1. Count, please, the residues in segment 56-81 that happen to be open to solvent by 30 Å² or more (accessible area, probe 1.4 Å) and within 30 Å of Leu106 (Cβ to Cβ).
2. What pairs come out if I take residues in segment 25-54 that are within 17 Å of Pro73 (Cβ to Cβ) and pair them with residues that are at pLDDT below 90 and part of a loop (DSSP other than H, G, I, E, B) whose C-beta lies under 9 Å away, six or more apart or interchain?
3. Please specify each residue of segment 31-48 satisfying the condition of being modelled with pLDDT of 90 or more and over 19 Å from His65 (Cα atoms).
4. Name every residue in segment 1-11 that is open to solvent by 30 Å² or more (accessible area, probe 1.4 Å) and either in a helix (DSSP H, G or I) or over 15 Å from Arg72 (Cβ atoms) (or both), in order of residue number.
5. Would you mention how many residues in segment 83-93 are modelled with pLDDT under 95 and either touching a Lys or Arg at 6+ places or on another chain (Cβ under 6 Å) or outside any loop (DSSP other than H, G, I, E, B) (or both)?
6. Within segment 20-55, how many residues turn out to be in a loop (DSSP other than H, G, I, E, B) and surrounded by 14 or more Cβ atoms within 10 Å (Cβ to Cβ)?
7. Kindly evaluate Leu59 against the criterion of being assigned to a helix (DSSP H, G or I), under 22 Å from Pro6 (Cα atoms) and either at pLDDT below 95 or of a type in the set (Gly, Ala, Ser) (or both).
8. Only one of Gln129, Gln112 is outside any helix (DSSP H, G or I), at pLDDT below 85 and surrounded by 11 or more Cβ atoms within 10 Å (Cβ to Cβ). Can you tell me which?
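The values are calculated or read from the model by the stated rules, or taken from the named source; none is laboratory data. Everything numeric here is computed off the predicted structure, so don't read it as measured data. A quick note on method: Cβ atoms are made from the backbone with ideal geometry, for glycine too, and the neighbour counts reach across all protein chains shown. To get the accessible areas, we keep the full protein, side chains included, count just its heavy atoms, and leave off ligands, DNA and RNA. Shrake-Rupley method; radii C 1.70, N 1.55, O 1.52, S 1.80 Å.
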Amino acid sequence: MKVWPPHPAHLDPYIEELGHDLAVRFFEELGGVSLYWTQTPKGRSRAEALIGADRLAALSERLEHQRGRVPRPAHWLAHVYRARGYSIAEMCPKLGRTDTAVARLLASPLPQRRLPSAPISDGQDDDDQMQFRF
């Protein structure tokens, strides 16, 4: 079983619909490209050729807009490549960054995803709440 670095929340639809390996390929090939997300693919797009019509339709349903740019998550991809055992020199052309830029990406930790905590109180029993009197 592979261990994947935690991904940012905005990548959830891609990783959940495509899986990690295919999502990485999708970001490598189409990251930064503006696409029209259709729920009825016609067989003409590069995205459909890469991931297939069914996955493209499922991904289109998950995304909020019909037209949008595919993310290029360089920070996360750098950590994925490190987990796969790539050297910085191998990562540079894949990320389109210099060796110092890749080293900086790897030196900074990935942000930790926060799970929702306890419900927010209504403030009635909270003594630290500011009171306004009119």
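1. Here the count works out to 6.
2. Leu35/Ser45; Ala47/Trp37; Ala47/Pro41
3. none
4. Met1, Lys2, Val3, Trp4, Pro6, Ala9, His10
5. Total satisfying the criteria: 1.
6. Final tally of qualifying residues: 6.
7. yes
8. Selected residue: Gln129, the only one of Gln129, Gln112 that is outside any helix (DSSP H, G or I), at pLDDT below 85 and surrounded by 11 or more Cβ atoms within 10 Å (Cβ to Cβ).
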